Structures are given as C-alpha cells and as structure tokens.
Amino acid sequence: MKPLEKLNTDWLLATEIHKLEARLWRKAELEKVQTILITSANRGEGKSTTVALLATALALHPDRRILAVDLDFREPQLSVHFGRVAVHGLGAVLLGECSPESALIKTDLPNLDLILPAEQGEDPGLLLRSRELAATLEFYRKGYDLILMDAPALGPVADTSAVLPFVDGVVLMTMAGKTTKPQLKRAREICLGMEANILGLIVGNMQESESEYADAEYYANYRRTKPGRYDGNKSQP
Ligand SMILES: Nc1ncnc2c1ncn2[C@@H]1O[C@H](COP(=O)(O)OP(=O)(O)OP(=O)(O)O)[C@@H](O)[C@H]1O
Ligand SMILES: [Mg+2]
C-alpha cells in the first residue's frame with residue numbers, strides 16, 4: 001500500500017505522522033534546517049517506512065516542495081513504497097554520468113519528488129563519501145523546502161557516517177522493544193563524533209494501550225463516519 005493510501009485508511013497512524021510532520025517542519029523552520037537524514041542504530045527500525053510517510057504527509061501541504069532521497073544503496077526501499085523505478089539514479093549522478101535534475105522522479109503528489117539510488121555494483125561507501133554528494137545536495141537545496149533522506153543504519157555499515165557532514169540535521173529512529181539503550185547510545189555517539197546536529201528521536205511501534213491512544217481511537221471512530229480526508233486522485237500531476 002502506498003504511503004498516501006496508508007494515511008487515508010489508518011487514522012491512528014496518520015495522526016502520529018502528522019504530529020511528527022508538524023514538529024519536524026517547525027524545527028526545520030526555527031533551526032533553518034533544510035536537509036534531514038533519518039537513521040538508526042540497527043537494521044529494520046522503521047526508517048524507510050517513516051521517511052515515506054513523513055515525506056507524503058509534509059507534501060500534503062501544497063505550498064511545500066519536498067524531496068525524499070533514498071541513500072540506502074544496499075537495500076533501497078523508497079522505490080517499493082512509492083511504486084517508482086529510477087532511470088537515472090543517485091549513483092549515476094555521483095559518478096558524473098547524468099545531471100542531478102535527470103534523476104528526479106515524480107510521485108502521485110505534485111510537490112513530492114524522489115531520488116533513488118538505482119546503481120548496483122559500485123561501493124556505496126565510496127560513492128557517498130565523494131565530493132560530488134555535497135555538490136548534488138547543493139543543487140537539490142535550490143529546488144526544495146525540505147529534503148528527507150532515508151539512510152542505512154549506523155551500526156552495520158559506514159555509509160551513513162560518511163554522509164553526516166553534508167546534512168543539516170539527523171533524526172534517530174528506534175523501534176520500541178527492539179533497540180537497546182547501549183545501541184542507541186552508540187548511534188548517538190557516532191552522530192556526535194561527526195559533529196552532526198541531532199534534531200530528535202522517533203520511537204516506533206509504541207503500544208496502542210498507551211492512554212493517549214484511547215482518545216485517538218475515539219477520534220478515529222468519529223473520523224470513520226466522514227468522507228476521505230486526502231484525495232490522492234486530485235493530487236495527480
Ligand atoms: N512504527 C512502526 N511500528 C511497527 N512496525 C513498523 C514501524 N515502522 C516500520 N515497521 C515495520 O518494520 C519493518 C522494517 O521497516 P523499514 O523497512 O521501514 O525499516 P528500516 O529501518 O528502513 O530497515 P533497514 O534498516 O533494513 O533499511 C517493516 O516490516 C515495517 O512494516
Ligand atoms: Mg530501510
């Protein structure tokens with residue numbers, strides 16, 4: 001299911017994502033942050049899912065231009081979430097084989113674009129460490145208000161550490177019940193070691209038994225009697 005459909009059909013999920021989206025936008029405004037990388041200590045902590053949903057929720061505001069970039073060359077997932085494939089990927093841009101503009105991919109929302117890695121075989125660590133990345137991001141900064149990046153976990157590979165100097169802010173993602181305190185501490189240390197600006201922490205998989213969800217469920221039931229909130233078809237380019 002595409003992120004827009006998820007936001008339309010899962011009211012509790014949409015509520016949490018919109019709370020996050022509002023805070024992230026506000027923080028970006030206050031701290032003049034334009035490029036935000038989302039990473040985690042370990043694999044499988046919900047980064048790609050969250051980037052896809054957050055980028056979509058941010059782009060539901062028609063006055064915002066949002067770019068979602070998949071920096072996970074090893075297991076790219078944004079293509080799956082958005083049902084898009086890259087003709088020219090970020091790898092080709094970094095290798096100087098195509099222009100940054102030619103790698104932009106349209107989505108169902110007119111103000112949300114994607115950049116996908118596409119290339120197989122190149123060493124992602126080397127590609128992402130290249131000086132071209134800074135220049136490429138500089139180009140995209142001119143066209144978008146906010147650039148969200150889905151990056152690999154910090155623990156298993158060095159790819160994300162290499163990118164940290166080029167982004168304005170980092171959000172750490174953890175999965176409740178999965179990430180341990182020492183693992184999260186280590187991830188924080190890696191970010192701070194690279195002088196990264198940690199904007200916050202997102203905790204996924206919180207239990208719906210939390211008291212605030214009881215009220216959310218009330219509103220969700222109320223909402224289910226109303227027509228769809230987001231009409232994806234209206235937003236087709
Ligand atoms: N907030 C959440 N609560 C519960 N499950 C979630 C949440 N977000 C994602 N998931 C599930 O967790 C699994 C991993 O999600 P996802 O691929 O987004 O993680 P990831 O951090 O990007 O993984 P990787 O490190 O491999 O790139 C998926 O099955 C996804 O459906
Ligand atoms: Mg992922």
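Just so it is clear, none of the values below were taken in a lab; they were calculated from the coordinates. Just so you know, these numbers come straight off a predicted model, no measurement behind them. Cβ: placed from backbone, ideal geometry, glycine included. Neighbour counts: every protein chain shown.
Given an 8 Å cut-off on Cα distances and at least 6 residues of separation, report the relative contact order of the range 35-154 as a percent. Across the range 35-154, relative contact order equals 44 percent. In the range 1-135, the alpha-carbon atoms span a convex hull of 125 Å³ per residue.
So what is the 222 nm mean residue ellipticity for the chain from helices alone, if each DSSP H run of at least 4 adds -39500 (n - 2.57) and you divide by all residues, rounding to the nearest 500 deg cm²/dmol?
Working: 10 runs with 101 residues, N = 237.
Dividing the helical sum by the residues of the chain leaves -12500 deg cm²/dmol.
In loop segments of the range 112-156 as defined by DSSP, there are no chymotrypsin sites (Phe, Trp or Tyr not before Pro) with at most 16 further C-beta atoms inside 10 Å of their C-beta.
If I model a spin label at Lys32 and Leu201 as a point 7 Å from the Cα along the Cα→Cβ vector, what separation in nanometres do I get? Roughly 2.9 nm, to one decimal. Along the positive direction of the dipole of the range 3-226 (beta-carbon charges: Lys, Arg +1; Asp, Glu -1; about the Cα centre), which of Leu71, Gly143, Asn205 reaches farthest? Of the listed residues, the answer is Asn205. Note on the range 41-128: dipole from Cβ charges, positive end direction compared against Gly89, Leu53, Leu126; the farthest Cα belongs to Leu53.
Sorting Thr174, Thr180, Thr15 on the 10 Å Cβ count, fewest up front, what's the list?
Values: Thr174 22, Thr180 11, Thr15 17.
Exposure proxy ranking, most exposed first: Thr180, Thr15, Thr174.
Explain nothing, just the number: relative contact order of the range 3-226, from Cα pairs under 8 Å at least 6 residues apart, as a whole percent. Intermediate values should be presented prior to the final figure.
Details: 371 pairs, mean separation 61.7, N = 224.
Normalised by residue count, the contact order of the range 3-226 is 28 percent.
Charge dipole (Cα centre; +1 on Lys/Arg Cβ, -1 on Asp/Glu Cβ; no other charges) of the chain amounts to roughly 400 debye.
The residues neighbouring Tyr144, those whose beta-carbon lies less than 10 Å from its own, together hold a net charge of +2 under the Lys/Arg +1, Asp/Glu -1 convention. Among Val33, Val51, Val87, the ranking by other beta carbons within 10 Å of each residue's beta carbon, starting with the fewest, stands as Val87, Val33, Val51. So how far, in whole Å, is the C-alpha centre of the range 49-71 from the one of the range 159-211? So the two Cα centres are separated by 19 Å. Put simply, the convex hull of the Cα atoms in the chain casts, on average, a shadow of 12.9 nm². With 26 Å as the limit, the listed pairs Lys2/Lys47; Lys47/Lys185; Lys27/Lys47; Lys6/Lys32 have Lys6/Lys32 beyond it between alpha carbons.
Please report Asp168, Asp150 as a ranked list, fewest other C-beta atoms within 10 angstrom at the top and most at the bottom. Don't skip to the end; give the middle numbers.
Working: Asp168 19, Asp150 26.
If I rank by nearby Cβ atoms, fewest first, I get Asp168, Asp150.
Projected label points at His61 and Glu122, each 7 Å from Cα along the beta carbon direction, are separated by 3.3 nanometres. In plain terms, the chain is cut at each of the GluC sites (Glu not before Pro) found in a DSSP loop with at most 10 other Cβ atoms within 10 Å, and the longest leftover piece is 1-194. Distance between the modelled labels on Glu138 and Arg23, one decimal in nanometres: 3.4 nm (7 Å Cα→Cβ projection).
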